[in-house]
Amino acid sequence: MADSGPWTKYQSSAPAGPWSKYASPSPEKTSDAAPQRDPIAEANAAASASEHGPVQDIIDMGKGALSGAGSTLTGLADTATGLVTHPLDTNRAIGGKIIDLLGKGASAVAHPIDTVKAGVQYVKDLTPQKVGEMAGSTLVGGAAGKAAGVLGDVAGPAVKELVGAKPVSPTIRDLAAKGVVTTPGMRAGKFGQGLEERIAGTPFVGDSIKRARGKATEQWNRAELNEAIKDAGGKELPKTRTGRDAIFHTETEMKRAYDRVNRKMVGDLDAPNPAGVTLRQSLQQTKTLATQGLEPSAARTVNKIIDDQVIGKFTGPGKASGETIKEIEETLRTEADLHRRGGYQDRKVAQALDQVQSDFSSMLKHVNPQHALEKEGVDRGYAKFKTASRASRYSKKNEGTYTPAQKLRAIEARDRSKDKQRFASGTAHGQKQTEAIEAVMGNTIPDSGTAGRLAAMEAVTGGVGLAAGHPLAALGVAGAPLAYSQPVLRALQNRALKRGGAYTPISGTKAATVGAILGAKDQ
């Protein structure tokens with residue numbers, strides 16, 4: 001618009017006329033006047049829009065791609081240099097970045113509506129240059145990941161040969177087959193075991209480790225009792241039964257198993273075994289040995305129990321029904337356990353009654369061969385249960401859940417050899433297996449779970465402040481409950497069970513995908 005001319009004096013005052021089109025509105029009237037179009041601004045906007053057409057968008061995307069690729073390459077170089085020159089600081093920075101990403105992911109899940117809104121707004125704000133930057137950084141990251149995968153495949157076999165990658169021990173495989181989830185320290189030998197136990201003593205992180213190790217002990221108890229129940233043909237433990245409740249359930253199943261099998265059997269005092277010896281003859285021999293080897297009062301106790309509680313329960317022809325068999329076996333077990341807790345002569349009485357039980361059980365098997373296998377299974381299950389029950393008695397502070405050390409103590413207590421010689425020589429029943437389990441699992445007892453929950457809450461509520469000053473510590477606090485959770489431990493254990501054998505190449509696709517994700521811009 002012209003700035004000077006013969007008409008300028010009329011611009012602000014003339015009400016109308018041929019020159020009124022050149023007039024400018026008064027400043028004090030702008031608020032009331034209708035908005036005026038600016039032809040020059042509109043022309044400039046149109047020109048700008050025409051300049052940023054498809055061709056310009058492609059150019060901007062190309063520039064953005066180069067910028068994104070350059071930034072990613074610079075970041076990779078800085079990280080590599082930092083790992084060499086300042087490994088601790090670089091690891092802290094990486095840990096802080098991981099914590100930040102985890103926090104953003106958790107926030108996105110917790111607030112889905114806000115996440116969707118932010119995503120829509122992000123798409124609206126996208127420009128060709130931003131798209132190019134993302135594409136460039138992603139491509140470079142993918143290429144770096146692919147290269148790392150190739151290098152891994154080249155060096156992997158040699159590294160695996162160097163470190164050994166030995167398969168896990170048969171004990172760990174046996175525990176895993178029984179449903180026990182071991183921790184990484186349990187599978188790493190004495191050094192790993194000791195390291196994990198020391199870390200378990202630290203606040204927050206240690207609570208998660210202790211909880212996981214205690215859970216493994218609880219699972220092992222469950223597997224032991226279920227094995228005894230299976231041998232006896234009973235119903236396995238409900239998932240909610242642990243500690244003394246689990247012992248009570250197993251005891252009930254044992255009683256039911258004996259009731260089931262004994263009802264099918266008959267007893268015979270005078271039926272000879274394959275060696276031609278009858279139960280009556282075996283009982284008489286035990287009475288004679290007791291009279292010769294025990295003090296008179298102890299010998300009378302043995303003779304009275306045999307005469308009144310065993311022979312006296314048979315009918316005139318020397319027969320016994322299933323109900324009578326059940327009564328005789330319960331009496332012998334009760335009397336033997338009672339005398340086993342007394343002095344020297346009482347313990348000798350218990351040993352004599354143990355022999356009577358053994359002879360009585362042998363008679364039932366050869367008189368009832370069709371039920372012999374079932375009877376053997378029940379007896380085997382009952383023996384395992386008695387050892388577990390004895391170990392549970394030693395667990396006074398943990399509601400009956402016992403450790404491998406407490407089971408070894410029970411095995412020693414149940415060793416009936418002279419001076420516990422079988423246990424001393426390592427040949428007591430179940431001793432070697434339990435010692436191997438103790439070497440793997442240690443003797444951590446389960447906790448109530450409170451410590452683990454407190455650690456998880458602290459990770460959530462206090463993680464932000466901790467991350468600011470100590471990113472590695474915050475990463476440990478936030479990650480320990482997850483790393484030692486049952487799903488993660490089970491996945492790690494399954495992977496460890498497959499260890500050994502030929503090297504498995506890294507998938508190029510997976511390596512490239514991971515690199516692309518890491519290379520993408522964090523928006």
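The values are calculated or read from the model by the stated rules, or taken from the named source; none is laboratory data. Not measured: the values here are computed from a predicted model. Every residue, glycine as well, gets a Cβ built from its backbone with ideal geometry; the counts of neighbours run over all protein chains shown.
Assorted remarks:
- Scanning the stretch 297-314 for residues that are under 48 Å from the mean Cα position of the chain (by Cα), acidic (Asp, Glu) and more than 22 Å from Ala413 (Cβ to Cβ) turns up nothing.
- Lys239 falls short on exactly one of the conditions (1) of a type in the set (Lys, Arg); (2) under 45 Å from the mean Cα position of the chain (by Cα); (3) under 29 Å from Val302 (Cα atoms), and that condition is (3).
- Check on Gly276, on the phi > 0 side of the Ramachandran plot and either without any contact (Cβ under 8 Å) to a residue 24 or more places away in the chain or assigned to a helix (DSSP H, G or I) (or both): yes
- Checked across the stretch 279-293, the condition of being loosely packed, with under 15 Cβ neighbours inside 10 Å, among the hydroxyl-bearing types (Ser, Thr, Tyr) and within 28 Å of Thr387 (Cα to Cα) holds for no residue.
- Qualifying residue in the stretch 159-171 (condition: modelled with pLDDT of 80 or more and not in a helix (DSSP H, G or I)): yes
- Every condition in (1) surrounded by 17 or more Cβ atoms within 10 Å (Cβ to Cβ); (2) within 28 Å of the chain's Cα centre (by Cα) holds for Arg393 except the one numbered (1).
- Verdict on Arg416 being touching an Asp or Glu at 6+ places or on another chain (Cβ under 7 Å) and surrounded by fewer than 15 Cβ atoms within 10 Å (Cβ to Cβ): yes
- Residue match in the stretch 190-198 (condition: in contact with an Asp or Glu (Cβ under 9 Å, 6 or more places away or on another chain), in contact (Cβ under 8 Å) with a residue 24 or more places away in the chain and of a type outside the set (Asp, Glu)): no
- Any hit, the stretch 336-356, residues being surrounded by 13 or more Cβ atoms within 10 Å (Cβ to Cβ), small (Gly, Ala, Ser) and either in contact with a Phe, Trp or Tyr (Cβ under 8 Å, 6 or more places away or on another chain) or touching a residue at least 40 places away in the same chain (Cβ under 8 Å) (or both): yes
- Counted residues, the stretch 327-357 - those being out of contact with any helix residue (DSSP H, G or I) (no Cβ under 9 Å at 6 or more places or on another chain) and either among the small types (Gly, Ala, Ser) or under 16 Å from Val266 (Cα atoms) (or both): 1
- Test for Asp270: is it assigned to a loop (DSSP other than H, G, I, E, B) and either among the basic types (Lys, Arg) or surrounded by fewer than 21 Cβ atoms within 10 Å (Cβ to Cβ) (or both): yes
- Residue in the stretch 339-358 that is among the charged types (D, E, K, R), closer than 29 Å to Trp220 by Cα and part of a helix (DSSP H, G or I) present: yes
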